[in-house]
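The values are calculated or read from the model by the stated rules, or taken from the named source; none is laboratory data. Treat the numbers as computed from the prediction; the structure is a model and nothing was measured. Every residue, glycine among them, receives a Cβ derived from its backbone with ideal geometry; neighbour counts consider all protein chains shown.
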Amino acid sequence: MKIFKEIYSYREMIFNLVRKDLRGRYKGSVLGFLWTFINPLLQLLVYTVVFSVIMRAGIEKFYLFLFVALVPWIFFSTCLSAGSGIIITEKNLVVKIYFPREVIPIYFVTSSFVNMLYCFIVVFAVIIISGIPINFIALLYLPVIMLVEYILALGVCFIVSGVTVYFRDMQHIMGIFAMAWQFLTPVLYPITIVPDYLMPIFMLNPMTPVINAYRDILFYAKIPDMFTLIHAVAVGVVILIAGFLIFNKLKRRFAEVL
């Protein structure tokens with residue numbers, strides 16, 4: 001419990017780092033904070049053109065089908081790829097100041113999570129404009145699945161950020177790995193097109209139940225399947241515990257290696 005008490009005692013530092021990251025993310029750019037909304041919208045435009053016009057996904061209101069999954073995926077992908085190098089990015093803090101090293105992945109994932117919440121303003125605007133019905137009972141499950149994804153992203157960030165300190169190539173590998181992971185997750189397509197014999201493998205992917213839950217709530221306007229929720233929670237907690245333990249072991253030589 002000592003480490004958790006120590007992290008809690010540094011909560012002000014986490015808050016300040018999150019605020020600094022959000023303010024400095026687009027500092028110096030002309031559009032500034034608007035890029036928070038423009039980035040996912042541009043990706044949405046590209047994918048919609050490719051899968052609705054060129055490859056013809058054949059899904060009614062495909063732009064919304066994609067958007068409600070793309071925004072959560074961007075958050076997770078950021079924690080996976082950019083998060084892998086966060087300890088190296090903050091090496092001056094690590095080398096010069098004592099604080100629980102867990103603070104760095106926590107602040108980075110939290111900052112990315114807040115950025116995702118801002119993007120959901122656009123998601124709900126698109127839902128209202130598109131005329132998709134809103135199930136307010138199903139919406140009560142949205143904070144739950146967001147929390148599950150946050151836990152999952154934090155666990156993954158603990159692992160990749162810790163390993164990258166010792167194996168710098170990991171930072172480049174994670175960009176490619178994140179792209180491959182996206183195509184193995186039902187972000188661009190419905191889970192129903194996956195063959196039955198491959199379904200057990202797909203369900204091993206921790207992001208599969210998370211994306212399915214987002215889509216159930218926001219696109220299909222229904223309460224997520226209970227098995228999906230339980231699966232997502234269980235996998236998220238396991239990965240967070242594993243990530244925390246791995247990071248705790250690796251952090252001991254951060255200052256020396258950096």
Revision key, fill the gap. Matching residues in segment 58-79 (in contact with a Phe, Trp or Tyr (Cβ under 8 Å, 6 or more places away or on another chain) and assigned to a helix (DSSP H, G or I)) number 12
Exercise for review: Of all residues in segment 80-97, count the ones that are out of contact with any Phe, Trp or Tyr (no Cβ under 9 Å at 6 or more places or on another chain), within 17 Å of LEU250 (Cβ to Cβ) and part of a loop (DSSP other than H, G, I, E, B).
Suggested key: 0
**Study point:** Only one of ALA153, ALA180 that is small (Gly, Ala, Ser), farther than 19 Å from ALA232 by Cα and in a helix (DSSP H, G or I)
**Key:** ALA180
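Report the residue count in segment 87-122 for those that are hydroxyl-bearing (Ser, Thr, Tyr) and without any contact (Cβ under 8 Å) to a residue 12 or more places away in the chain.
2
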Point to revise | Output for segment 211-235, where each listed residue is part of a helix (DSSP H, G or I) and touching a Pro at 6+ places or on another chain (Cβ under 7 Å) | key: ILE211, ASN212, ALA213, TYR214, ASP216, ILE217, THR228, HIS231, ALA232, VAL235
Exercise for review: Looking only at segment 177-222, count how many residues are within 14 Å of PRO72 (Cα to Cα) and either more than 18 Å from the chain's Cα centre (by Cα) or not β-branched (Val, Ile, Thr) (or both).
Suggested key: 15
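What tally of residues in segment 93-138 results from selecting those that are closer than 15 Å to ASP21 by Cβ and of a type outside the set (Ser, Thr, Tyr)?
Total satisfying the criteria: 12.
Conditions tested, residue by residue: (1) at pLDDT below 85; (2) among the aromatic types (Phe, Trp, Tyr); (3) under 16 Å from ALA69 (Cα atoms).
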position	(1), (2), (3)
VAL123	no, no, yes
VAL144	no, no, yes
GLU149	no, no, yes
SER161	no, no, no
PRO200	yes, no, no
ILE211	no, no, yes
Review point. Does PHE219 satisfy the condition of being aromatic (Phe, Trp, Tyr), surrounded by 14 or more Cβ atoms within 10 Å (Cβ to Cβ) and in contact with an Asp or Glu (Cβ under 9 Å, 6 or more places away or on another chain)?
Key: no
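Go through segment 164-216 and report how many residues are among the hydrophobic types (A, V, I, L, M, F, W, C) and surrounded by fewer than 18 Cβ atoms within 10 Å (Cβ to Cβ).
Of the residues in segment 164-216, 17 are among the hydrophobic types (A, V, I, L, M, F, W, C) and surrounded by fewer than 18 Cβ atoms within 10 Å (Cβ to Cβ).
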Exercise for review: Identify, by number, the condition in (1) within 25 Å of THR78 (Cβ to Cβ); (2) surrounded by fewer than 20 Cβ atoms within 10 Å (Cβ to Cβ) that LYS96 doesn't meet.
Suggested key: (1)
